[in-house]
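Engineer: The structure that follows is given in the form of structure tokens.
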Amino acid sequence: MSAARRPRRARDFDESDVRVRPSRGSRPRTKTRPDHQDAVAAMVVSKDRGRWGCALAGDPHRRVVAMRARELGRTPVVVGDTVDVVGDLSGRPDTLARIVRVAERRTVLRRTADDTDPYERTVVANAEQLLIVTALADPPPRTGFVERALVAAYVGGVDPVLCLTKSDLADPAEFTAAFADLDVPVLLAGRADPLGPVRARLTGTVTALIGHSGVGKSTLVNRLVPDADRATGIVSGVGKGRHTSTQSLALPLPGGGWVIDTPGVRSFGLAHISPDDVLGAFSDLDAAADDCPRGCTHLGPPADPECAFDTLGGHAHRRAMAVRTLLAALGTNDAWARDAEA
């Protein structure tokens with residue numbers, strides 16, 4: 001056998017025969033990133049397991065499914081967000097676009113799992129209104145939930161609206177009186193109530209709906225958007241409804257605008273909100289608060305015996321007392337949350 005064809009043995013190799021492939025971490029990477037000038041603005045209308053449904057230019061008839069681009073990392077994307085998308089924007093089945101930018105949010109509705117949870121969960125972004133859906137009976141209304149939803153709305157820059165269902169079972173006057181001095185609009189949406197006032201309030205806006213399970217929220221959505229086909233459930237004998245909506249979903253209203261149906265909640269934690277955040281939403285009470293002593297929580301005696309709210313008169317006093325109720329609601333989540341689970 002000639003030397004040229006003889007198999008090479010281990011002692012025939014030296015360092016020059018070793019081929020070292022550079023690791024991925026040592027490869028030079030460019031710092032230039034695409035600016036995506038061709039990106040198209042869209043509204044996020046659904047979210048499901050790492051995929052987002054987006055309405056291009058806010059048009060409900062031009063929808064694509066998108067993933068989050070790698071450069072966004074773990075940037076949260078929620079229903080209502082305005083995003084820029086690139087890639088396949090045809091909307092055909094099995095196609096996938098990419099979300100490359102998330103615009104700054106104009107408003108935000110947040111909550112925590114409970115009052116000890118430091119982690120904020122963004123429920124909806126960029127809603128103009130929050131429709132707080134509450135049943136007047138079966139299950140009985142809970143002022144604590146409404147107060148906490150009002151706090152979240154005021155702090156998040158969203159206009160709250162109280163919407164009462166099952167109005168054929170109870171008189172709404174007594175329940176709504178608790179919120180009269182906050183100037184919260186009240187709408188009736190029982191089965192026998194005409195939906196004209198509700199439609200007029202929602203048309204042309206982005207409105208998030210929130211409420212306990214079993215209050216008739218999904219039924220209301222189906223009346224507002226006939227082809228929504230949101231699942232509806234029954235209320236148990238103890239007034240506890242089943243969760244019939246499990247994902248937030250934006251639905252286009254026939255007359256224009258969107259309603260965002262959110263999952264039924266059993267607890268509305270406000271661990272991320274301070275008393276100063278609440279008071280900051282009421283500019284008409286700022287001057288009075290300036291006369292309070294340092295560290296005043298505005299809860300009144302015995303905690304704050306020198307709170308300036310107690311020196312106000314007339315409507316200003318009544319409004320200050322209504323805001324004081326909201327401040328007190330920051331620390332009363334446990335009782336009504338347990339009641340909701342009973």
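The values are calculated or read from the model by the stated rules, or taken from the named source; none is laboratory data. If you're wondering where the values come from, they're calculated on a predicted model, not measured in any experiment. Neighbour counts run over all protein chains shown; Cβ positions are idealised from the backbone, glycine included. These accessible areas exclude ligands, DNA and RNA; they are computed on the full protein's heavy atoms, side chains included. Shrake-Rupley method; radii C 1.70, N 1.55, O 1.52, S 1.80 Å.
Engineer: If I compute solvent accessible area with a 1.4 Å probe over the protein chains, what percent of it on segment 73-177 is carbon and sulfur?
Structural biologist: Percent of accessible area from carbon and sulfur atoms in segment 73-177: 48.
Engineer: How much accessible area per residue does segment 52-101 have, in Å², with a 1.4 Å probe?
Structural biologist: Per-residue accessible area for segment 52-101 comes out at 53 Å².
Engineer: Please list, in order, the residues from segment 162-183 whose amide nitrogen is less than 14 Å from a point placed 7 Å along the Cα→Cβ vector of Asp138.
Structural biologist: Residues 165-171 qualify, since their backbone N sits under 14 Å from the label point.
Engineer: If the label point is 7 Å along Cα→Cβ of Gln37, which residues in segment 87-112 have backbone nitrogen under 19 Å from it?
Structural biologist: Correct set: 87, 100-101.
Engineer: Starting from the exponent 0.38 and prefactor 2.2 Å, build the expected Rg for segment 243-324 from its residue count and divide its actual Cα Rg by it.
Structural biologist: That works out to 1.60 for segment 243-324.
Engineer: Taking every eigenvalue of the Cα gyration tensor of segment 162-235, multiplying by 5 and rooting it, what semi-axes result, largest first, whole Å?
Structural biologist: Equivalent-ellipsoid dimensions as semi-axes: 21, 16, 11 Å.
Engineer: Using θ = phi - 60° and the Karplus form 6.51 cos²θ - 1.76 cosθ + 1.60, what ³J(HN,Hα) does each residue of segment 158-165 get, whole Hz, x for Gly and Pro?
Structural biologist: 9, 7, x, 9, 8, 10, 9, 9
Engineer: Taking 1 over the mean of 1/r across every pair of different Cα atoms in segment 82-146, what Kirkwood radius in Å do you get?
Structural biologist: 15.7
Engineer: Quick one: which residues, 5 or more positions from His212 or on another chain, have an amide H under 5 Å from its amide H? H modelled 1.01 Å from N in the peptide plane, none for Pro or chain starts.
Structural biologist: Those lying under 5 Å, H to H, from His212 are Val265.
Engineer: Can you check what the Kirkwood hydrodynamic radius comes to for segment 44-153, Cα pairs only, in Å to one decimal?
Structural biologist: 15.9
Engineer: Next up: For Arg294 and Ala281 in one chain, what is 0.36 nm times their gap in residues minus the Cα-Cα distance, to one decimal in nm?
Structural biologist: Values: separation 13, 0.36 × 13 = 4.68 nm, distance 1.94 nm.
So the chain would gain 2.7 nm between Arg294 and Ala281.
Engineer: Can you run phi through the Karplus equation (6.51, -1.76, 1.60; θ = phi - 60°) for segment 285-301 and list ³J(HN,Hα) in whole Hz, with x for Gly and Pro?
Structural biologist: 9, 4, 4, 5, 5, 5, 8, 7, x, 4, x, 5, 9, 6, 8, x, x
Engineer: Tell me, what ³J(HN,Hα) does each residue in segment 213-220 have, in order and in whole Hz, if you take phi through Karplus 6.51 cos²θ - 1.76 cosθ + 1.60 with θ = phi - 60° and put x for Gly and Pro?
Structural biologist: Working through the residues one at a time gives 5, x, 7, x, 5, 5, 4, 5 Hz.
Engineer: Given H placed on each backbone N at 1.01 Å, which residues far from Val123 in sequence or on other chains put an amide H within less than 5 Å of it?
Structural biologist: Leu109, Arg110, Arg111
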